[in-house]
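This report concerns only the one structure given below.
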Amino acid sequence: MGNFLSEELIDEIKDANEIVDVISQYIQVKKVGSSYKALCPFHNEKTPSFIINQEKQFYKCFGCGEGGNVINFIMKMENLGFIEAIRLLARRANIEISMTGTSEEIKRQIKEKELCYEINKKAGRYFYGNLTKQPNNPALKYLLGRGIIPKTLANFGLGYSINSWDNLMLHLQKEGYSLDDIQKCGLIRQNKSDGYYDYFRNRIMFPIFNIRGDIVGFGGRVIDNLMPKYLNSPETPVFNKSNILYGLNFARKNIKDRQIILVEGYMDVIALHQAGFKNVVASLGTSLTGYQGKLLKKYCDEIIVCFDGDEAGEKATIRSLEILDEAGCQFRVMILPDKKDPDEFIKIHGRGKFQEHIDKSMSLIDYKMFLAKNKYFGNTIEDKVRFAKKISNIIKDIKSPIEREAYIEKVANETGISKESIGLEVLDKIENSSVNRSNYKYNPNYRKYNNYIKMVPLVERKGHIIAEKQLIKFMITDNKLIEHILNDISAEDFSVAEHREIVAYLASNMDNMKDKR
């Protein structure tokens, strides 16, 4: 599609959107001399390499190479095409633009999205009015009872869908919207008799905002015991729950130390925000998705995962951590005592105690070990063996030999089982995994001892000298193994001086020994 906007109009829109002002709505910027500096939002970094030149209205990251004008920034930051980025900036500057010259399909899509934003905004105001202007309604009573103050209600635009089949529908029709348009926004549904009814009824309403602050959908929580407890808008032209993080529109402006707290629910976000933790977001009642993981990585360097402490919350935590790991995010897990959720904990113990638990948050391996210890650890020998076997299965996935050794020592100290035994148990787990089994092609005894040496650093312990001798024996008695073994270890890996000399000699004479095969 060709560019249907004139260069004059594009320049007008760029001039009306000062680049420092626009970028500072997304990330924290600091004036340094005649330029501005920031941590780049497009890759993880500890030292600012993102430079904004206010005079030339241009940005450049000297870490990842991203650069351009204000339009380029919006396209990259919001994952938008050129036309959508232009329209966003035009709307921000209150500039009317014509769609003359663009395709009919693009016109239709843009109009459809803008109409959805408009209808959702009217619905949000309607729900908020129901909550705040109707005395003694059950939704307001519930929220105030949960400790939510009026200012927070207003900030998050909380509302109430009254117990009626068509109240919202009639209201929006009076506002001039057709049933077809209201249905496209997911606010009403068609019944069997070709009539329509409100999708949300007798629920506390949580407007769901995109990163720009537009209402793209709603979440509704029951006040009684009906199911489902939470109900989200269906997918619409502007809403896909897998691509939205609740509260990110607030959190992106308040990211403390490049850190975001990830929680499970709307009320967790709201309660923590009210308590001063404004860098908090939630997935929308579903497991974290890969897209959401990448979205988090864009805005912060570290994610603190704080889900509910029940069994469902533990499973959701593991799934989310695996997704964050795949997305390349840095993360830690926060454990609240007595299986409290963040909303409950902050109300009882306050901001200070919550911060203490953030500071104590743990790595993925530590979290898995924490769960295993709660489930398997006990005072009997059988309990300790079960615990050690479970932990060995976790440790086998650690790639760093140094980190693996540290956890082996930790388990040994907690159980009283020797490091050597735990190390060999880990080795057996590695060898029995399908991935590792397919990677080894050589003598099984070599495999066992070589992995043992690589897995556990050579410190004073029983057994390692025997392992070294056995490896040397293999190399001397089977010439075919020499090259394979020395591809993975060297003479310096052996702890005994005499062993190092022998291996060095074998390495230097490897070609001669090959000739004797």
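Overview of results
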read-out: Solvent-accessible area per residue for the stretch 134-233 (1.4 angstrom probe, square angstrom); value: 49 Å²
read-out: Cα principal axis extents for the stretch 279-322, largest first, Å; value: 30, 18, 18
read-out: Anchor LYS389: lysines whose Cα lies under 16 Å away (excluding residues fewer than 8 positions away in-chain); value: LYS368, LYS373, LYS375, LYS410, LYS419, LYS429
read-out: Sequence of VAL496, VAL20 from largest to smallest accessible area, 1.4 Å probe; value: VAL496, VAL20
read-out: Relative contact order of the chain, defined on C-alpha pairs under 8 angstrom at six or more residues apart (%); value: 7 percent
read-out: Solvent-accessible area, 1.4 Å probe, carbon plus sulfur percent, for the chain; value: 49 percent
read-out: Convex hull volume per residue for the stretch 125-204, taking Cα atoms only, in Å³; value: 97 Å³
read-out: Rounded accessible area of ILE95 (nearest 10 Å², 1.4 Å probe); value: 30 Å²
read-out: Cα principal axis extents for the stretch 142-259, largest first, Å; value: 55, 33, 27
read-out: Quarter of Cα convex hull surface for the stretch 223-369, i.e. mean projection, nm²; value: 9.2 nm²
read-out: Solvent-free Debye scattering, log10 I(q)/I(0), computed from the Cα coordinates of the stretch 233-291 at q = 0.17 Å⁻¹; value: -0.55
read-out: Cβ-Cβ FRET estimate between PHE82 and THR152, R0 fixed at 45 Å, reported to 0.05; value: 0.75
read-out: In degrees, nearest ten, helix 497-508 long axis to first principal axis of the chain (Cα); value: 80 degrees
read-out: Which of LYS122, LYS30 is most accessible, then next, and so on - probe 1.4 Å; value: LYS30, LYS122
read-out: Residues of type lysines that LYS111 reaches as a straight line, Cα spacing below 23 Å, ignoring anything fewer than 8 places off in the same chain; value: LYS14, LYS76, LYS121, LYS122, LYS174, LYS184, LYS241
read-out: Alpha carbon centroid spacing (whole Å) that separates the stretch 347-401 from the stretch 203-224; value: 35 Å
read-out: For ARG87, solvent-accessible area (1.4 Å; no DNA, RNA or ligand), Å²; value: 40 Å²
read-out: Charge context of GLU84, other residues only, Cβ under 9 angstrom, K/R +1, D/E -1; value: +1
read-out: Radius of gyration, Dmax [the stretch 311-428; alpha carbons; angstrom]; value: 15.9, 47
read-out: Computed over the chain, Cα set: Rg, Dmax in Å; value: 30.0, 97
read-out: Whole-Å semi-axes of the ellipsoid equivalent to the stretch 1-78 (Cα gyration tensor, √5λ, descending); value: 24, 14, 10
read-out: SER400, SER361, reordered so the largest accessible area comes first (probe 1.4 Å); value: SER400, SER361
read-out: The stretch 303-387 - accessible surface per residue (Å², probe 1.4 Å); value: 52 Å²
read-out: Residue-averaged 222 nm ellipticity for the chain, from DSSP H runs of 4+ at -39500 (n - 2.57), nearest 500; value: -16000 deg cm²/dmol
read-out: THR132 - accessible surface, heavy atoms, 1.4 Å probe, Å² rounded to 10; value: 60 Å²
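The values are calculated or read from the model by the stated rules, or taken from the named source; none is laboratory data. Values in this document were obtained by computation on a predicted structure and should not be read as measured data. Methodologically, a virtual Cβ is constructed for each residue, glycine included, from the backbone with ideal geometry; neighbour enumeration extends over all protein chains shown. Areas reflect the complete protein model, heavy atoms only, side chains present, ligands, DNA and RNA absent. Shrake-Rupley method; radii C 1.70, N 1.55, O 1.52, S 1.80 Å.
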